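This report concerns only the one structure given below.
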Amino acid sequence: MIVAERKPIEEIIEQVKDVRSLLVLGCNECVTVCEAGGKKEVGVLASALRMVFLQQAREVNVGERTLERQCDTEYLEELRDAIDQYDAVVSLACGVGIQFTAEKYPSKPVYPGVNTSFMGATQERGVWVERCQGCGGCILARTGAVCPVARCAKRLFNGPCGGSTDGKCEISKDVDCAWQLIINRLKALNRLQDYETLAPIKDWSTDRAGGPRKVVREDLRS
Amino acid sequence: MALQGKFETGEFAIIAEMEPPKGVNVAATVSHAKRVKDRVAAFLIPEMSHAVMRMSALGAAMLLERDGMETVMQMCCRDRNRLALQGDLLAAAACRVRNIAVVDGEDASYGDHHQARAVHDVSLLELLHVMQTLQSGRDMSGVELDGTPNFLVGSTTHAGAKGRSAEIEVEQMTQRAEAGARFFITPPLFDLELIRPFLRRVDRERTIILPTVLLLKSLGMARYIERNMPHIAIPPETIDRIQKAGDKARECVRIAVELTAGIKAEGFKGVVLSTLGWEHKLPDIVEGI
């Protein structure tokens, strides 16, 4: 899933300082799972904003809504009748949802209510970890399904650097060395010979380096 | 500092582009430069233009400076993060490479290393600010430098390019000037009329604009540019002239000379001559002006 973090409320207040009405718009997908932008967080942020506006003696109408997905124009269409009631939208979706909302309603200011962080998963309640950088050229088959692009600080492809100590990365003793994890995993799979094979130099043209990416499936296009 | 001196006195400054070699054989680069060194103010050293891997601009600039030839070193943010950019700026200053032109740099997909990962840790405008910071005696982290560099900083402007609005160009140039850029190099210009709307909006006394004169090599090259490089406009009469000429290469040199003379007559403070591999033609151009 896409993991996001709630923005500091001061930053959101600054973004909406001139509006007289705003819609706090949640998303029922990834940001609900990572507890940054689902229905519950919409309610919490809307209440907090109402209190702030009350303290500022400002009359601001704060609406609440949570869509099934903001990265889907069909669900965004559900806002069509309500959107004109508001000067602006604070979206608690990931950056994709925020931009799709803005593209759907071009004349409506849409502000981010979260910082979109990474593609990851819940490690334990309240802890989310990064697992994928969407580089467009998956090499997990070679690395025992542990990604050195997302998990090695230096994105190394042929074993650990000199900073790997006791299975930890040089950037922090709280960070596992991705290559130690890869070696452990290959050992467990009895495939340590994969580690001996030199990986080719990475093709980054499928990564973000070549500009915004697009996937086109001609067989699915109508 | 011949270039700075010319900018200050208003004497027309000719800057000749000198592409570093793809390899370690610097003989041709140095010998081409030496042939015209007394006729030009400085040599512009591109930073892997069109994202084609070559010797670094810093390396080539140091080679020419070592032989007493002044350079303008290009820098772009594509290939280095903020540590490397600052480190190379310090290295440049310590090796007498003081004139720096900060450029955008084409995406790696343009060049011969399509699989490269571009850096873009800082942007062009931010790099200009970084250079100001270094010149104040500190690095980006605020740590004091042991020895402060002093640069003559320039950048690019798309003034005169087809499909660009004069307002946006003026705004961008103002931002860059406020960040310390003192001279601005344009893309290849074949028609001075195209840059006039832009010139009307800038203070010519305070803003040093250096049009680029690109030496065409053939009719095919002119047609290719006209068809495939939408930001460069070549007037039909220029293409006609090359087509009708018996000695096309000679006609191309004549066109470059006439353009340069026109730029000088217009009151520009200098010109950049770009010969793209035909550096052996530089003497013919500079002597013809």
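The values are calculated or read from the model by the stated rules, or taken from the named source; none is laboratory data. Please read these numbers as outputs of a predicted model, since none were measured by experiment. Here the Cβ is made from the backbone with ideal geometry for all residues, glycine too, and neighbour counts use every protein chain on show. Surface accessibility is based on the protein's heavy atoms, side chains included, excluding ligands, DNA and RNA. Shrake-Rupley method; radii C 1.70, N 1.55, O 1.52, S 1.80 Å.
In the set A:Gly63, A:Gly136, only one residue is within 30 Å of A:Asp194 (Cα to Cα) and outside any helix (DSSP H, G or I); that residue is A:Gly136. Candidates are the residues of the stretch A:179-199 that are in a loop (DSSP other than H, G, I, E, B) and in contact (Cβ under 8 Å) with a residue 40 or more places away in the chain; the one that is nearest to the other protein chains (Cβ to nearest Cβ) is A:Ala199. I'd like the residue in the stretch B:232-254 that is closer than 23 Å to B:Met18 by Cβ and out of contact with any helix residue (DSSP H, G or I) (no Cβ under 6 Å at 6 or more places or on another chain) and, out of all such residues, is surrounded by the fewest Cβ atoms within 10 Å (Cβ to Cβ). Selected residue: B:Arg250. Please tell me if B:Met53 is under 27 Å from B:Leu273 (Cα atoms), hydrophobic (A, V, I, L, M, F, W, C), open to solvent by 30 Å² or more (accessible area, probe 1.4 Å) and within 14 Å of chain A (Cβ to nearest Cβ). Yes, satisfied. If the condition is being open to solvent by 60 Å² or more (accessible area, probe 1.4 Å) and free of Cβ contacts under 8 Å to residues at least 12 places away in the same chain, then the stretch B:131-173 contributes B:Arg138, B:Ser141, B:Val143, B:Glu144, B:Asp146, B:Ile168, B:Glu171. Of all residues in the stretch B:81-123, those satisfying the criterion of being farther than 23 Å from B:Ile185 by Cα, within 14 Å of another protein chain (Cβ to nearest Cβ) and part of a loop (DSSP other than H, G, I, E, B) are B:Asn81, B:Asp112, B:His113, B:His114, B:Gln115, B:Ala116, B:Arg117, B:Ala118, B:Val119, B:Asp121.
Taken over the stretch B:7-41, residues that are surrounded by fewer than 19 Cβ atoms within 10 Å (Cβ to Cβ) and touching a strand residue (DSSP E or B) at 6+ places or on another chain (Cβ under 7 Å) amount to 2.
Yes/no matrix, rows are residues, columns are (1) of a type in the set (Lys, Arg); (2) closer than 26 Å to B:Gly5 by Cα:
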residue	(1), (2)
B:Ile185	no, yes
B:Phe190	no, no
B:Glu193	no, no
B:Arg196	yes, no
B:Thr207	no, yes
B:Pro211	no, yes
B:Gly220	no, no
B:Ile225	no, no
B:Pro230	no, no
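B:Arg78 meets all of the listed conditions (1) open to solvent by less than 60 Å² (accessible area, probe 1.4 Å); (2) charged (D, E, K, R); (3) more than 14 Å from chain A (Cβ to nearest Cβ) but one, namely (3).
Please find, among A:Ser172, A:Ser107, A:Ser117, the residue that is touching a residue at least 12 places away in the same chain (Cβ under 8 Å), away from chain B (no Cβ under 14 Å) and out of contact with any helix residue (DSSP H, G or I) (no Cβ under 9 Å at 6 or more places or on another chain). Exactly one residue qualifies, and that residue is A:Ser117. Annotation: A:Gln85 fulfils all but one of (1) open to solvent by less than 80 Å² (accessible area, probe 1.4 Å); (2) farther than 20 Å from A:Val33 by Cα; (3) in contact (Cβ under 8 Å) with a residue 40 or more places away in the chain; (4) touching a strand residue (DSSP E or B) at 6+ places or on another chain (Cβ under 7 Å); the unmet one is (1). Taking the criterion of being of a type outside the set (A, V, I, L, M, F, W, C), more than 10 Å from chain B (Cβ to nearest Cβ) and free of Cβ contacts under 8 Å to residues at least 60 places away in the same chain, the residues of the stretch A:201-222 that qualify are A:Pro212, A:Lys214, A:Arg217, A:Glu218, A:Asp219, A:Arg221, A:Ser222.
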